[in-house]
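Heads up, the thing below is written out as structure tokens.
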Protein chains: 2
Amino acid sequence: MSDEPARLEEVRDEFVTQWGIMGAQWGINRTMAQIHALLMTASDVMSTDEVMEVLEISRGNAHTNLKDLVGWGLIKIVTKKGERKEFFEAEKDVWEIFRRVARERKRREIDPALETLRNCKAATEDMKTPNGKAFHEQMVQLEDFVSFASKMGDRVGTMQHGKAIKLAMKIFG
Amino acid sequence: MSDEPARLEEVRDEFVTQWGIMGAQWGINRTMAQIHALLMTASDVMSTDEVMEVLEISRGNAHTNLKDLVGWGLIKIVTKKGERKEFFEAEKDVWEIFRRVARERKRREIDPALETLRNCKAATEDMKTPNGKAFHEQMVQLEDFVSFASKMGDRVGTMQHGKAIKLAMKIFG
DNA sequence: ATGAACTTTCAGTAATTACTGAAATCAGAT
DNA sequence: ATCTGATTTCAGTAATTACTGAAAGTTCAT
């Protein structure tokens, strides 16, 4: 039986790899998801150089993706006193991660879709032909649904963990 | 003021384009999303050739993406009697679309992630070092959350529109 | 069996997206 | 002002993903 630290590294590697694949299936890029997985399971903050080394990626790539993760609110920059370098630390609370991803995806994906739907709805408001009316009605249906999803996103995004758990129990308990 | 059919075509084009962009931001390919948008707003079934013509894409491309959409359960093949050709028709009910997408994404993305998490959890079950314990705990947290999400997906995937509305009202009303 | 109408596959190519590495820039210490 | 240790940018390149078009396959009528 191999020693524990070595086994841990192996398992962690598997996790990082799979998280990367998963990220890629969603719209997120593989490296960004891998860095996130790495930091989520790091026992301490990491520097850009450490990330570069572990994942064997270039400085530019590491830099870009670390900053993107900061943009998503999934990791934050920490500075050590006396050190000039930046270090990174991931949010580890799962509920918090979910909230931030939900908020960000809503902002980037749902909101623009909603705008288009509203345009298309408005532009066909007054149509009289059966086709025009049918199209308009489809836009109404979509807009209703997506704006509902958007509101849910807002709700969840501001909900505390405890509240969410209670709510979940009520629904699925 | 231009005539209604022409205006409708313009608006519909905008919708198709934007739906394609949205699809691309999610993991779905642009063309597939465009075809879906096209069929969702079609007043009648469409053939492969019609789709090719409207979107100006090749036969191979149209074919592949139409079949993928069938695989997602978002459109279905209809045959007209006397005609040998296949025609396609989209599910237009928004709730039904949502259910099918939820079901499919769960199957393709959530379930495999869950398997990895369970592996990583099991592989670190017995660890004694602080790092091993911390990693294990993180896997437990993630597994709990993702399996919860998975269960939600199942629930929603089998829920009827009316039930869902009532539930939503209870939560967000 | 032959052929017409249609569907499916796939090798080659185009388009898109991600990554590298080196140069430019920045910020604090001397 | 200069140097040092770091961050940021970006032109060029690599990798990935999507698309084309033509050939092969299928199905049904004759």
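Remark: for residue pairs A:76/A:106; A:163/B:92; A:166/B:166; B:80/B:106; A:133/B:106; A:166/B:163, the C-alpha separation exceeds 29 Å in A:163/B:92; B:80/B:106; A:133/B:106. For chain B, the relative contact order works out to 14 percent when only alpha carbon pairs closer than 8 Å and six or more residues apart are counted.
Indicate the gyration tensor shape class of segment A:4-90 (rounded, prolate or oblate), computed on the Cα atoms with a ≥ b ≥ c the square roots of the eigenvalues: a/c under 1.5 is rounded; otherwise a/b larger than b/c is prolate and the rest oblate. Oblate shape, in that a/c is at least 1.5 and b/c is the bigger or equal ratio. GNM on chain A, alpha-carbon springs under 10 angstrom: the most fluctuating residue among A:11, A:51, A:146 is A:11. Give the separation of the Cα centroids, segment B:105-140 to segment A:22-72, in Å. If you average the Cα positions of each part, the centres end up 19 Å apart. Compared with the dominant Cα axis of chain B, that is its longest principal axis, helix B:30-40 is turned about 60°. Quick one: net charge of residue A:90's neighbours, Cβ under 12 Å, K/R +1, D/E -1? Net of charged neighbours comes to -2. Comparing mean-square fluctuations of A:129, A:79, A:17 from a GNM of chain A with C-alpha springs under 10 Å, the top value falls on A:129. Counting charges near residue A:40 (Lys, Arg +1; Asp, Glu -1) among other residues having Cβ under 12 Å from its Cβ returns a value of -3.
When the P(r) of segment B:10-154 is calculated, the portion above 22 Å amounts to 52% of the C-alpha pairs. Put in order of Cβ neighbour count within 10 Å, fewest first, the listed residues A:96, B:91, A:125 become A:125, A:96, B:91.
Net charge near residue B:129, counting Lys/Arg +1 and Asp/Glu -1 over other residues with Cβ under 15 Å of its Cβ?
Details: positive: A:7, A:12, B:128, B:133; negative: A:3, A:4, A:9, A:10, A:44, B:125, B:126, B:137.
Charge balance in the 15 Å sphere: -4.
Using only DSSP helix segments of four residues or longer, with each worth -39500 (n - 2.57), what per-residue ellipticity at 222 nm results for chain A after dividing by its residue count and rounding to 500? Calculated mean residue ellipticity at 222 nm is -22500 deg cm²/dmol.
Counting neighbouring Cβ atoms within 10 Å and putting the fewest first, the residues B:159, B:139 line up as B:159, B:139.
Loop-located trypsin sites (Lys or Arg not before Pro) across segment B:67-149 with a Cβ neighbour count of 15 or fewer within 10 Å are B:80, B:81, B:84, B:85, B:128, with loop assigned by DSSP.
Please state the relative contact order of segment B:1-56 as a whole percent: Cα pairs under 8 Å, 6+ residues apart? Don't skip to the answer; put the middle values down first.
Details: 32 pairs, mean separation 14.0, N = 56.
Here the relative contact order equals 25 percent.
Judged by the mean number of other Cβ atoms found within 10 Å, the most tightly packed of the peptides A:162-169, B:28-35 leads the ranking B:28-35, A:162-169.
With +1 on each Lys and Arg Cβ and -1 on each Asp and Glu Cβ, and nothing else charged, work out how big the dipole of segment A:76-173 is about its Cα centre, in Debye to the nearest 20.
The dipole of segment A:76-173 has a size of about 540 debye.
Place a +1 charge on the Cβ of each Lys and Arg in chain B and a -1 charge on the Cβ of each Asp and Glu, then give the dipole magnitude about the Cα centre in debye, rounded to the nearest 20. Can you show the working numbers first?
Values: 27 positive and 28 negative charges, 186 e Å.
Using Cβ point charges on Lys, Arg, Asp and Glu, chain B gives about 900 debye.
The numbers here are math on the coordinates, done by the rules we state, and not lab data. In this text, all values refer to a predicted model and were calculated from it rather than measured experimentally. Glycine also receives a Cβ, built like all others from the backbone with ideal geometry; neighbour counts cover every protein chain displayed.
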